[in-house]
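I'd like to ask some things about the structure below.
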Number of protein chains: 4
Amino acid sequence: MLDRLREKIIEFRDLRDWEQFHDPKNLAEAIAIESGELLENFLWKTCSDSRNLSSDAVVSIGEEIADIAIFLTILAHEMNLNIEEIVDRKLKLNEDRYPVEISRGSAEKRP
Amino acid sequence: MLDRLREKIIEFRDLRDWEQFHDPKNLAEAIAIESGELLENFLWKTCSDSRNLSSDAVVSIGEEIADIAIFLTILAHEMNLNIEEIVDRKLKLNEDRYPVEISRGSAEKRP
Amino acid sequence: MLDRLREKIIEFRDLRDWEQFHDPKNLAEAIAIESGELLENFLWKTCSDSRNLSSDAVVSIGEEIADIAIFLTILAHEMNLNIEEIVDRKLKLNEDRYPVEISRGSAEKRP
Amino acid sequence: MLDRLREKIIEFRDLRDWEQFHDPKNLAEAIAIESGELLENFLWKTCSDSRNLSSDAVVSIGEEIADIAIFLTILAHEMNLNIEEIVDRKLKLNEDRYPVEISRGSAEKRP
């Protein structure tokens, strides 16, 4: 599925000849910008408000999540990184970093 | 694959009883924070430098991409959004917004 | 006071010969990165938690605010913009955009 | 000057009864969001492009710098922090961290 998405995204990009703009620095900027747009949907709301959103808000948030996922996919592609592999590796690192017995129920440490 | 990753990520999260912290507002903040950490890898570099990175830098960038992918997956899960569906929908929207004939080779408009 | 700060900041910068790295694009990235570090101080907290912080947290937040102020000052300097003038201008714009009678007590619109 | 700006900004805010929304967590989010909007002005540009901007772009960037300065001022005010003091303190810290002899001309370390 990730492969299928990546193929569609890269095909969309290459048809428009946008590879020339997609150096990793600019892609990382695009991800930061889209993250700001995602966050804007929650500004001036409380945390519990954010668990009860209108269906319009959900659609708008879905679009921002998609934008981030698209640029993340392109960045990984440009750097020859396989998202499935790096997520698996990070989850293993996090298992060592946040052992269940110590981390359970505590927000002291991310994630 | 996306389903398998989501299951692993949510299982990791639920074992630590972290669902209580994962309201959409805080998850959007986490994504913005990780995007800043990703971007830090490119700070004070030129765009073309960013196409020629050391293997250490690639590993570090891979970890940040993974962190963003993990929080994005959790946020979509909390909002009952299917990432594959919303990316498909966004690509369709972008096809209308950036017709190939007009957008080819032009960075005027994102993405 | 703003002038005195700007002079100190630019003197600090020029003594280290860092002007070469301080193009506006990289400075805007630095501000986004520092904003992420500022935000990290509030992650997994509720809004009301964020009104009751430890004195350690206040010191750490103060450092991030200072970092952002420093880069903002350098960016304005590089672009020949006077912060006092552009803030005055923006407040005037906001007065038109958010008339007191309409905006009072409503978070619908930023800021 | 900073005092005068702060007074104008807080007066603008209090006339609209917006203090209720301005907890530090939301203010830090606002700063991150505005930083993203600032950065958007440089997306898909090279670093050297960003030293040669149209006058329209400069106006637009000036507005984003002003937005960040406004929210930074409110956040410092809410936390009883004096921006002049914390910038002075940070510059002293940075003097120790980046001695002129070692840091001159090197972007290894921020800022």
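Of everything in the stretch C:8-48, what is out of contact with any Cys (no Cβ under 6 Å at 6 or more places or on another chain) and among the hydroxyl-bearing types (Ser, Thr, Tyr)? Give them in sequence order.
C:Ser35, C:Ser48
Here is a list of conditions, (1) touching a Phe, Trp or Tyr at 6+ places or on another chain (Cβ under 7 Å); (2) in contact (Cβ under 8 Å) with a residue 60 or more places away in the chain, and B:Ile70 meets all of them except one; can you say which number that is?
Result: B:Ile70 passes all but (1).
Here is a further query. Are there any pairs with C-beta distances below 9 angstrom linking a residue in the stretch C:37-63 that is within 21 Å of A:Asp49 (Cβ to Cβ) to a residue that is open to solvent by 70 Å² or more (accessible area, probe 1.4 Å) and among the hydroxyl-bearing types (Ser, Thr, Tyr), with the two at least 6 apart or on different chains, and if so which?
Note: pairs meeting the criteria are C:Thr46/A:Ser48.
Are any residues in the stretch B:49-85 within 28 Å of B:Asp14 (Cβ to Cβ), more than 15 Å from the chain's Cα centre (by Cα) and among the aliphatic types (A, V, I, L, M), and if so, which ones?
Passing the criteria: only B:Met79.
Where in the stretch D:6-108 are the helices (runs of 4 or more DSSP H), entirely inside, with at least 1 residues that are open to solvent by less than 20 Å² (accessible area, probe 1.4 Å) and away from chain A (no Cβ under 14 Å)?
Because the criterion is at least 1 residues that are open to solvent by less than 20 Å² (accessible area, probe 1.4 Å) and away from chain A (no Cβ under 14 Å), the helices (runs of 4 or more DSSP H) in the stretch D:6-108 that meet it are D:55-78, D:83-97, D:100-103.
The values are calculated or read from the model by the stated rules, or taken from the named source; none is laboratory data. If you're wondering where the values come from, they're calculated on a predicted model, not measured in any experiment. Ideal geometry is used to build each Cβ from the backbone, glycine not excepted, and the neighbour counts take in all protein chains shown. For accessibility, only protein heavy atoms count, side chains too; no ligands or nucleic acids. Shrake-Rupley method; radii C 1.70, N 1.55, O 1.52, S 1.80 Å.
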